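What follows draws every value from the coordinates through simple rules; no lab data is involved. Everything quoted here is computed from the prediction, not taken from an experiment.
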Amino acid sequence: MNFLNLQVTQAELLSGLISVSQTVAQIVLVMTVAWLVSAVLSRAITRISKRTRTSKRSADEVKRIETSFRLIRFVSRLVVWALAVTISLSILGISVAPILTTAGVSGIAVGFAAQSLIKDYFSGLVLLLEGQLRIGDIVDIGGVAGQVEEMTLRYVRLRQLNGDVVYVPNGAITNLTNKTTDYSMAVIDVGVAYRENLQEALNVMESVARELASETTWSTRILAEPEVFGVETLGDSSVILRLRLKVLPGEQWSIRREYLHRIKQRFDELGIEIPYPHLTLYAGQDKDGKAPAFRIEAPAGAQ
């Protein structure tokens with residue numbers, strides 16, 4: 001009996017070893033296939049990304065595409081290995097349903113706790129795919145203006161004019177103004193005195209704009225003929241005349257400064273007055289009480 005029991009025990013042990021070996025072999029096979037599929041997908045995505053980068057695209061577009069493909073590569077690996085782990089658990093005889101149920105409940109709890117973070121990532125993905133922002137763009141996000149230095153799926157980093165760095169979470173971006181998409185407009189308002197000939201002043205403004213556009217330094221930055229709108233506003237002390245120039249993205253500020261510098265010089269040469277608010281002080285009256293004895297005029301705000 002002992003001999004028979006020993007033979008049975010050895011047979012069971014051998015059967016168990018064979019079963020374990022088969023299970024281990026199946027798991028190794030699943031993991032190997034997962035590794036191969038992941039490698040093939042990663043290589044295919046990398047090749048597609050390289051082909052896209054060799055196309056005629058701007059540096060910002062290339063960076064946006066690379067970020068998109070990096071995200072696709074990560075998601076594809078995550079899906080492949082998640083399937084591999086699920087199949088391996090099934091091979092081991094472990095029911096996946098309770099694990100998935102627990103993971104689902106835990107995921108809901110984590111989702112509620114980190115909903116702002118999840119919102120940031122989803123908003124960043126939309127910004128990235130739609131191309132609303134690019135590195136180097138000058139934007140206004142909810143009243144915060146600056147140049148885009150970095151974009152991630154979680155935040156946008158802006159560098160303001162005074163050098164301050166502002167981090168804006170993607171989920172908080174509800175109102176976005178991009179000042180450097182495709183082209184920009186330099187809108188220039190110039191005030192002249194009411195007694196001046198408005199048509200003459202408009203002709204001078206257009207002439208200065210055309211001279212600026214004809215110079216080599218500025219001609220490559222100005223994309224179209226100047227647009228003279230005419231009278232924009234009848235102000236308290238001046239008539240506001242408006243002109244607009246279509247320029248390269250981000251060049252509107254430098255061109256506007258140069259134009260204002262030149263128009264001031266030209267108006268001074270031609271004697272066209274650019275008025276400023278005056279403050280008139282009346283001190284006393286004459287004997288009849290009809291007119292001031294004297295008056296002093298000074299710019300408004302002068303001490």
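Applying the Karplus parametrisation 6.51 cos²θ - 1.76 cosθ + 1.60 with θ = phi - 60° to the phi angles of the range 168-178, what ³J(HN,Hα) value in whole Hz is obtained for each residue in order, glycine and proline being reported as x?
Ordered by residue, 3J(HN,Hα) equals 10, x, 4, x, 8, 7, 10, 9, 10, 10, 9 Hz.
What are the radius of gyration and Dmax of the range 177-262, computed over its Cα atoms and given in Å?
13.3, 40
How large is ³J(HN,Hα) for each residue in the range 193-204, as worked out from phi by the Karplus curve 6.51 cos²θ - 1.76 cosθ + 1.60 (θ = phi - 60°), to whole Hz, x for Gly and Pro?
After applying 6.51 cos²θ - 1.76 cosθ + 1.60, I find 5, 5, 7, 6, 6, 5, 5, 5, 5, 5, 4, 5 Hz.
In whole Hz, what ³J(HN,Hα) sequence does the range 24-36 give by Karplus (6.51, -1.76, 1.60; θ = phi - 60°), x for Gly and Pro?
4, 5, 5, 5, 4, 5, 4, 5, 5, 4, 4, 5, 5
Can you give me the long-range amide H partners of Glu232? Hydrogens built in the peptide plane at 1.01 Å from N, cutoff under 5 Å, separation of 5 or more residues or another chain.
Those lying under 5 Å, H to H, from Glu232 are Ile240, Leu241, Arg242.
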